[in-house]
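To keep things clear, I will list the structure first and then write my remarks on it.
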Amino acid sequence: MKSPVNSFLERIYASCKNEDSGNLADYIPELASVDPHRFAISLCTPDGTVYSAGDCDALFSIQSISKPFVYALALRECGYDTVMAAVGVEPSGDPYNEASLQEGTGRPDNPMINIGAIATHGVLRETVGWESIYSGLCEFAGRELEIDEAVYESEVNTGWRNLALASLVRANGIFDADPHDVFAGYIRQCAAKVTVNDLSVMAMTLASGGINPVTEERVIPEWVARQVLSVMTTCGMYDAAGDWLTGIGIPAKSGVGGGLVGALPGQVGISAFSPRLDSYGHSVRGVKAFQKMSEQLNLHIM
Ligand code: DON
């Protein structure tokens, strides 16, 4: 017999699947050719049970959803003071690819926008190598993730804006590494392939204070999970963060691969995937599904 949670997710799926507005993220050439009809939602409970509806085995690139997890790894490996010296925790109010730096400190505003995620990657790379960043992402998912080499190549050969952001951060003395390497490493973290089920487990790991509910291993200390969820709450949805928090009320992060994750402390990890995006770079169907789940399950944190 189907569980009530599965039936609920299937109803949400059915009520959103005809939404076909939005556009693919064609500034990364490889993403312009993904199947726009794909749609899946998933939910992971504190005991590690995963429920899903739709194309739950479809793999897609994690893109900006890697940012909170790499921020968590930076805090774990480098400590609070080092990471805070490199990147702030204030919402920028700007789009995700803006070159926003704080006056005075010269730091990026926060680790959720590209420039802040590049600074975070750069600082982390001064302490650990790529392999350790990659295995950290896998610890969150509880399995070996693959890198989408085609997506990586596509973005690393066209992402001039991100290369400029890496150079800008380097010029401000935020990290000492070669900005070309940091740029390439950041693009690689964005090219990790996940399913919605991976994302809901990763979100539940944050929501459970740092313990992966499936492997039962502690990935990050509790203070790191709190820090990451706080920054996701205020900055995760970029220049739509205020609308998102007041309307949907779930600490969340989106990616231009079409993924969307939300984490409610102690309660649930949620995710959605559908590649058509709104003007902020958020999955249109994903946002709609989150809105319905928030309303119907009363998930708003307030
Ligand atoms: O750096 C970029 O532009 C992409 N690799 C990731 C951007 C992204 O996912 C924005 N989020 N919605």
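Is it fair to say residue 119 is at pLDDT 95 or above, buried (at least 24 other Cβ atoms within 10 Å of the Cβ), away from the ligand (no atom under 16 Å from the Cβ) and not in a strand (DSSP E or B)?
No; evaluated as a whole, the condition is false for this residue.
Please pick out the residue among 92, 66 that is buried (at least 19 other Cβ atoms within 10 Å of the Cβ), within 16 Å of the ligand (Cβ to nearest atom) and part of a helix (DSSP H, G or I).
66
Give the residue, chosen from 202, 237, that is within 16 Å of the ligand (Cβ to nearest atom), within 18 Å of residue 50 (Cβ to Cβ) and buried (at least 20 other Cβ atoms within 10 Å of the Cβ).
202
Out of everything in region 7-63 that is acidic (Asp, Glu) and in contact with a strand residue (DSSP E or B) (Cβ under 8 Å, 6 or more places away or on another chain), what residue ends up being farthest from the ligand (Cβ to nearest atom)? Don't jump to the end; show me each part of the working.
Within region 7-63, the subset acidic (Asp, Glu) is 10, 19-20, 26, 30, 35, 47, 55, 57.
Within this subset, residues satisfying the condition of being in contact with a strand residue (DSSP E or B) (Cβ under 8 Å, 6 or more places away or on another chain) are 10, 55.
Numbers: 10: 26, 55: 19 Å.
Top of the filtered list is 10.
What about residue 272, is it touching a Gly at 6+ places or on another chain (Cβ under 6 Å), touching a residue at least 12 places away in the same chain (Cβ under 8 Å) and within 14 Å of the ligand (Cβ to nearest atom)? I'd like the intermediate steps shown before the answer.
Working: touching a Gly at 6+ places or on another chain (Cβ under 6 Å): yes; touching a residue at least 12 places away in the same chain (Cβ under 8 Å): yes; within 14 Å of the ligand (Cβ to nearest atom): yes.
So residue 272 fits the description; yes.
Sort out which residues of region 135-145 are away from the ligand (no atom under 16 Å from the Cβ) and either in contact (Cβ under 8 Å) with a residue 24 or more places away in the chain or among the small types (Gly, Ala, Ser) (or both), and write them in order of number.
Hits for region 135-145 are 135, 136, 139, 140, 141, 142, 143.
What are the residue pairs meeting all of these: first residue in region 146-174, first residue small (Gly, Ala, Ser), second residue more than 10 Å from the ligand (Cβ to nearest atom) and not in a loop (DSSP other than H, G, I, E, B), Cβ atoms under 6 Å, and 6 or more apart or on different chains?
Every condition considered, the pairs that remain are 150/30; 154/29; 154/30; 166/179; 166/182; 167/179.
The values are calculated or read from the model by the stated rules, or taken from the named source; none is laboratory data. The model shown is predicted, which means the values in this text are computed figures rather than measured ones. All Cβ positions, glycine included, derive from the backbone under ideal geometry; neighbour counts span all protein chains shown.
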